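Remarks on the structure that follows.
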Amino acid sequence: MVRVRFAPSPTGFLHIGSARTAIFNWAYARHTGGAFLLRVEDTDMKRSEARFLDEILADLKWLGLDWDEEPIFQSRRFSVYREKAEGLVAAGKAYREGDAILYKVQPGRTVGFDDLVHGRIAVETETIKDQVMIKSDGSPSYNFACVVDDAFLKITHILRGDDHISNTPKQILFYEAFGLEPPRFGHMPLILGTDGAKLSEALANYLILLGWMPRDGREVLTLGEAVKLFDIAEMNDVQAKFDIQKLRWLNSEYLMKKPDGELLPLVNSRLAAAGMNLEAVPDEYLARVLALYKVRLKTLNDFPAMTDYFFREDFAVEEEGKAQLEKPESREFLAVLADRLAGLDPFTHDTVEKAFRDFVEERKIKAGLVIHPARMAVSGKTKGAGLFEIMEVLGRERTVARLRRAAHG
């Protein structure tokens, strides 16, 4: 049975690259019906903190990942590492140097392995110095502890980043010293920045596409779909570029698919965090605002800045649009339109649009000469949802009041 592991270090928060590594290991385990295990690399006692581990585990759950069996902690296995190292000393394969224990690397050999992503990789032992197993402070070295733990967990496949390729020959030497068959290794290309939120489904979806693509070429897929389609043999061996704009696009795709009922409490909390007073705001009103902007959102954090004018009168006014309100003809147009809309019944986007169109035809002017200043007057923005839909949601009283306020500036 396939057994893979993810080995976080609780010396900081979960890195985006580590999250991708966890997703690939989890997907491979679930695809093959195997086990996905956790090993906590907390040998750095000074920097490791429980709060970081709690956050990492919470992030994994947030991404939709679950694990099998209880995690093991390296900090609780120092006696095991020492026992294993002492055994190699007794076997004549290692030696002491002060309080440290080192493995003696034999020259004149080639250590090779068939990488699941890159193919055959080989290293001459002349390039590998004797390997520390137990440091002078009694803690294990990274490579030695990895091998002891992975053997204990019966790990069959190790999937990790390219930055670990240089560690693999050293670890293979330890497997040989213990008389063990090494697991299969696969090293994923590292994530590069674009120069060289949040929904967990979108982030997990995006990360799994950094180095792998389904055969049908689709870009939006759930973790469940990824599990069915994922094949490690199809992974790309080229470094992946992390593109925040692509992630934002993907997030918007998930936002559009989310039921409004699930999004309402999320946008509510973001509005409250932005200082909006929502005590007198009915859920129905918030739902209507969400319906206008759902298709325009890239992340939920965009919502407050886009929609502040629905919830307060002192909304932000964009500098680039202020000129639209300073023209005398614009103010005259807004004053006339305000009077017309004040008597409009019913007040819907259709009736509001007709009032605007009729005015434009009467004055024989371009629609933009009225629509642009009207948008600035009611929203403070140069772009956004449809103007007439905005006015319908705001209602006649607030729409007319804002038009008159802008007209008399």
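The values are calculated or read from the model by the stated rules, or taken from the named source; none is laboratory data. Remember, it's a predicted structure, so these values are computed and weren't measured experimentally. Cβ atoms come from the backbone with ideal geometry, glycine included; neighbour counts cover every protein chain shown. Areas reflect the complete protein model, heavy atoms only, side chains present, ligands, DNA and RNA absent. Shrake-Rupley method; radii C 1.70, N 1.55, O 1.52, S 1.80 Å.
Can you say what percent of the DSSP beta bridges in segment 1-152, counting only those with both residues inside, are antiparallel? Round to 5.
Rounded to the nearest five, the antiparallel share is 70 percent.
Report the Cα-based extents of segment 305-358 along its three principal axes, largest first, to the nearest Å.
Taking the Cα atoms of segment 305-358, the three principal extents are 31, 28, 16 Å.
Around residue 116, which amide H atoms from residues at least 5 apart in sequence, or from another chain, sit under 5 Å from its own amide H, with H modelled in the peptide plane?
Those lying under 5 Å, H to H, from residue 116 are 185, 186, 187.
Convert each backbone phi in segment 158-170 into a coupling constant with the Karplus relation 6.51 cos²θ - 1.76 cosθ + 1.60 (shift: θ = phi - 60°), then list the ³J(HN,Hα) values in order as whole Hz, x for Gly and Pro.
For segment 158-170, the Karplus curve yields 10, 10, 8, x, 4, 5, 9, 4, 5, 7, 4, x, 5 Hz.
Which distance in nm do the two modelled labels at residue 257 and residue 216 give, with both placed 7 Å along the Cα-to-Cβ direction?
It works out to 1.2 nm between the two label points.
What is the spin-label model distance, in nm, from residue 109 to residue 83 if the labels are put 7 Å beyond Cα along the C-beta direction?
2.5
When every alpha-carbon pair in segment 46-137 is counted, what percent end up more than 16 Å apart?
72
What is the dipole size for segment 16-85, taken about its Cα centre, with +1 at each Lys and Arg Cβ and -1 at each Asp and Glu Cβ, in debye to the nearest 20?
240
Regarding segment 262-406, what are the three Cα extents along the principal axes, ordered largest first, in Å?
46, 33, 25
Roughly how many Å² of residue 118 are accessible to a 1.4 Å probe, to the nearest 10?
60
Starting at the first residue of segment 123-132, write each ³J(HN,Hα) from the Karplus equation 6.51 cos²θ - 1.76 cosθ + 1.60 with θ = phi - 60°, in whole Hz, x for Gly and Pro.
Using θ = phi - 60°, the values come out as 9, 7, 5, 4, 8, 10, 7, 3, 9, 5 Hz.
Find, to one decimal place in angstroms, the Kirkwood hydrodynamic radius of the chain, where the mean of 1/r is taken over every pair of different Cα atoms and then inverted.
After inverting the mean inverse Cα-Cα distance, the result is 25.8 Å.
Among rounded, prolate and oblate, which fits segment 340-409 when a ≥ b ≥ c are the square roots of the eigenvalues of its C-alpha gyration tensor, a/c under 1.5 means rounded, and a/b larger than b/c means prolate?
Here segment 340-409 falls in the rounded category.
Run the simple label-point estimate for residue 72 and residue 154 please: 7 Å along Cα→C-beta, distance reported in nm.
Label at residue 72, label at residue 154, 1.2 nm between them.
With a/c under 1.5 counting as rounded, go ahead and sort segment 1-159 into rounded, prolate or oblate using the C-alpha gyration tensor (a ≥ b ≥ c being the square roots of the eigenvalues; past the cut-off, prolate if a/b is larger than b/c, else oblate).
Oblate, because a/c is 1.5 or more while a/b does not exceed b/c.
Assuming R0 = 51 Å, can you tell me the calculated FRET efficiency for the pair residue 245 and residue 90, based on Cβ-Cβ distance, to the nearest 0.05?
So the FRET efficiency works out to roughly 0.30.
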